[in-house]
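Notes follow the structure.
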Amino acid sequence: MDNPEEDSLNLYEDEEIIEVIELNDTEQTAEDLAEELEDVDFSEAGNAGNAGNADDDGWEAEDEMESEQDDSELTFSKHTGSVFCVSLDPVSNSLAVTGGEDDRAFVWSVSDGDVLFECTGHKDSVTCAAFSCDSKLVVSADMSGLIKVWKVENKEEIWSFEVGDLEWLEWHPCAPVLLAGTADGNVWMWKIPSGECKTFQGPSCQATSGKILPDGKRAIVGYEDGSLRLWDLKQGNAVYVIKGHDGHQGALTSIACNKEGTLALTGSVDGQAKLFNTSTGKVLCSFSNENIKQISLRHRCKHEVGVVHLQWEEASAVIYTCNLAGVVTLWDARSGVMMSEYRGHSAEILDFVLNRDASVAVTAGGDHQAKVFCLQRPDR
């Protein structure tokens, strides 16, 4: 391949590069965290209403690329618009949920593509869809702010709520609790299915990204003004705020943390990534094109087109990327060498997820398809 030092994308600029640090899992059990959440003082929330009509937010399909090569094992073709998001059930990794531009979400089998059920009733593009930590529930949410939760076992909707324009949505790591950030700067937290609710009020700008830390007690939320807040989920207060010189100079776009939740890395439209200590809020380092020499760049991994998403394999030094050319690529982070690539989409890949042992990748594409790729590696 070409010299990886030439004309390349800096992998460390992606927020998930921090996961190269291997740490032990937190000692507190999931049961302990779930019990603590029972003590959270939730205020009563209003009844959920029907989703309001929302204009299409300008998602336009790119001219489809020709793709003669298809390395996928299975293609899911029930969507009639771009597929924006994909998630696997964490317990068995046998079910996927996808959401798309067609205002639809589907729960389907990764092995044969059969639809278990459709998440109906959305009136705007479904941009968030994910399983709860025990795989018993699945959430689907659209851009207008309509959120629906479904019980997988009986395929029935058990809860719904409507907020303002939705920015992000995430399940708690060990309890049936949802967090969501909205365009008005608020962060919502609900117990499911009771719907008991707590809100965390940020600055008067969008809550653009969020991440619940592994301890299950705190959440990092980034905002459009470049500031960041660490919220105590039980007490409902901001432990600290990072802003000004220490903060970003533009909207935060992504947040990741190490396994113990002691370190977090944020990405922003200002072209910087910032590493900070989650206990103290102290910024430890900033990464940008301007300070490459000072931080001793290891490798560059060359991409011909823009990278949409990056993910580390949990048990190795392999990095997975998907891009605007519709390709999934595997990289050896120790050498910067491309290990393999998988093709099949005729448009950009907008999201992907790995199964537990990184033997399968499920992708969501702008060609109205989701695909299942079996990942072959010579080292396993």
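Structure values in brief
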| quantity | calculated |
| --- | --- |
| Residues satisfying the stated conditions in the range 341-350, i.e. open to solvent by 30 Å² or more (accessible area, probe 1.4 Å), part of a strand (DSSP E or B) and closer than 18 Å to Glu73 by Cα | Glu341 |
| In the range 274-305, residue surrounded by the most Cβ atoms within 10 Å (Cβ to Cβ) [restricted to those that are at pLDDT 95 or above and of a type in the set (Gly, Ala, Ser)] | Gly281 |
| Whichever residue in the range 259-272 is open to solvent by less than 40 Å² (accessible area, probe 1.4 Å) and farther than 14 Å from Ile212 by Cβ and, among such residues, is farthest from the chain's Cα centre (by Cα) | Leu263 |
| Hey, Ser279 more than 22 Å from the chain's Cα centre (by Cα) and over 30 Å from Glu162 (Cα atoms) or not | yes |
| Hey, Gly121 modelled with pLDDT of 95 or more, touching a Leu at 6+ places or on another chain (Cβ under 9 Å) and not in a strand (DSSP E or B) or not | yes |
| Residues that are part of a loop (DSSP other than H, G, I, E, B), among the aliphatic types (A, V, I, L, M) and open to solvent by less than 20 Å² (accessible area, probe 1.4 Å), drawn from the range 153-197 | Val163, Ala175, Ile192 |
| Residue within the range 302-317 that is out of contact with any Lys or Arg (no Cβ under 7 Å at 6 or more places or on another chain), part of a strand (DSSP E or B) and hydroxyl-bearing (Ser, Thr, Tyr) present | no |
| Search result, residues across the range 315-340 that are open to solvent by 20 Å² or more (accessible area, probe 1.4 Å) and either more than 19 Å from the chain's Cα centre (by Cα) or under 21 Å from Ala273 (Cα atoms) (or both) | Ala315, Ser316, Ala317, Ala325, Asp332, Ala333, Arg334, Ser335, Val337, Met338, Met339, Ser340 |
| Filtered residues of the range 223-282 (kept if without any contact (Cβ under 8 Å) to a residue 24 or more places away in the chain, part of a strand (DSSP E or B) and either in contact with a Gly (Cβ under 7 Å, 6 or more places away or on another chain) or among the acidic types (Asp, Glu) (or both)) | Asp232 |
| Strands (runs of 3 or more DSSP E) completely within the range 25-115 that count 2 or more residues being at pLDDT 70 or above and of a type in the set (Gly, Ala, Ser) | 95-100, 105-109 |
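The values are calculated or read from the model by the stated rules, or taken from the named source; none is laboratory data. Just so it is clear, the structure is predicted and the values come from calculations on it, not from any experiment. Note that we place each Cβ from the backbone using ideal geometry, even for glycine, and neighbour counts take in every protein chain shown. Ligands, DNA and RNA are stripped out before the accessible areas are found, and what is left, the full protein with its side chains, is counted by its heavy atoms. Shrake-Rupley method; radii C 1.70, N 1.55, O 1.52, S 1.80 Å.
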